[in-house]
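Worksheet for the structure shown next.
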């Protein structure tokens with residue numbers, strides 16, 4: 001099978017799983033109380049939008065940069081027509097504007113892909129919290145970022161690139177106006193990236209001349225007459241065009257899928273946190289009831305094996321009650337921590353039995369019953385067991401709450417699980433590979449999902 005087809009196959013399979021994941025999340029949250037659905041309507045709307053974006057195979061490419069770097073000119077050159085406004089004044093682009101880009105069918109192997117180019121205001125012109133948030137929102141929804149500079153990037157531009165890196169999106173650096181810097185090479189720019197070298201390689205630094213400066217030309221006629229004039233060369237963005245086409249053909253669905261999953265992961269965490277806040281008081285009350293009942297029951301049970309059995313049973317009942325109470329999806333993520341708490345609780349009860357026997361010369365609960373005339377060891381042991389049992393129930397409850405909130409995205413088709421599986425399929429020469437160390441890793445203690 002050709003390499004391109006193999007790449008398409010695994011990306012298509014993961015895109016299908018991502019679609020199922022979004023459908024499941026939307027279905028699950030549709031069962032929430034109407035009051036909560038109303039509060040979460042923005043988050044639920046984003047999930048629906050992501051589902052539509054995946055079904056449409058819509059890839060969004062956003063151009064960022066400082067003013068007068070030629071962002072709009074670069075995009076116009078890709079279109080081969082003046083779609084976005086350009087001019088001699090700084091800041092021609094005041095608000096984001098998007099246009100669909102349609103390369104020929106011969107250039108795009110997957111004809112179902114739709115490509116949207118987004119022009120944005122200059123980063124150094126964005127003032128105020130509102131417009132700064134606008135830039136972050138665009139970057140976080142884009143599947144690919146074009147960071148456009150003119151010549152070698154300035155320290156301010158490198159700082160802005162570092163901020164864009166935080167949204168965890170693949171980045172291409174476009175060095176525009178390269179005709180004015182004939183000695184500039186991608187390798188020399190890469191050397192200046194310092195700690196940003198892990199974001200880009202020299203292959204992701206592309207030289208363009210979207211609006212070349214006029215050059216002198218000399219015209220001569222057969223009769224000996226000559227004339228000197230100025231001529232504007234045609235735009236040259238072929239390196240960017242070819243890199244984009246190659247990227248879309250080899251990683252297009254992957255770019256689309258990983259971005260949708262990253263957004264869905266963030267939205268699901270927001271929803272889980274909101275549910276945790278909504279149910280926190282009632283959950284604490286539920287834990288309180290269990291720890292009282294468990295403490296009294298463990299104190300009254302007369303035999304060691306009944307103490308241990310009752311301890312485990314009450315803890316399991318508490319876990320089940322909290323799962324039903326929160327109504328969040330469950331997975332294997334961090335479930336081992338709950339079992340650790342449970343066995344630790346049982347072990348503590350066993351330790352109390354042993355210590356009681358040593359201190360009071362008793363052989364466990366049965367011996368205490370035989371020496372019922374001496375109430376001191378009986379009462380002391382019961383109080384110690386009740387305290388340990390109650391404390392254990394509280395810790396089990398807290399661990400379960402953490403498990404439910406943080407594990408909501410790690411189900412069999414949870415967004416975090418699919419992101420993890422996608423990262424394992426990436427090859428070092430892929431642009432998405434650069435995101436591996438920045439994306440949320442699977443915790444070591446929980447192991448890899450199946």
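Rule-based calculations on the coordinates, nothing more; no lab input. Computed from a predicted model, the values in this text were never measured in an experiment. In this analysis, Cβ positions are derived from the backbone assuming ideal geometry, glycine residues included, and neighbour counts consider all displayed protein chains.
Packing here is the average count of other Cβ atoms within 10 Å per residue, and on that basis the peptides 53-59, 233-239, 115-121, highest first, run 115-121, 53-59, 233-239.
Pairwise alpha-carbon distances in the stretch 203-331 exceed 24 Å for 68% of all pairs. Ordering 104, 154 by the number of other Cβ atoms within 10 Å of each residue's own Cβ, fewest first, gives 104, 154. Each Cα pair under 8 Å and six or more residues apart adds its separation to the average, and for the stretch 3-270 the resulting relative contact order is 22 percent.
Considering only Cα atoms, the convex hull volume of the stretch 157-219 works out to 101 Å³ per residue.
When a/c is below 1.5 the answer is rounded, else prolate if a/b is larger than b/c, else oblate, so apply that to the stretch 3-270 with a ≥ b ≥ c taken from the square roots of the Cα gyration tensor eigenvalues. All intermediate terms of the calculation are to be shown ahead of the outcome.
Values: a/c = 2.22, a/b = 1.85, b/c = 1.20.
Prolate is the answer for the stretch 3-270, as a/c is 1.5 or above and a/b outweighs b/c.
As a proxy for reagent exposure, ranking 296, 149 by other Cβ atoms within 10 Å from fewest up yields 296, 149.
Annotation: the residues 21, 282, sorted from fewest to most other C-beta atoms within 10 Å of their own C-beta, follow the order 282, 21.
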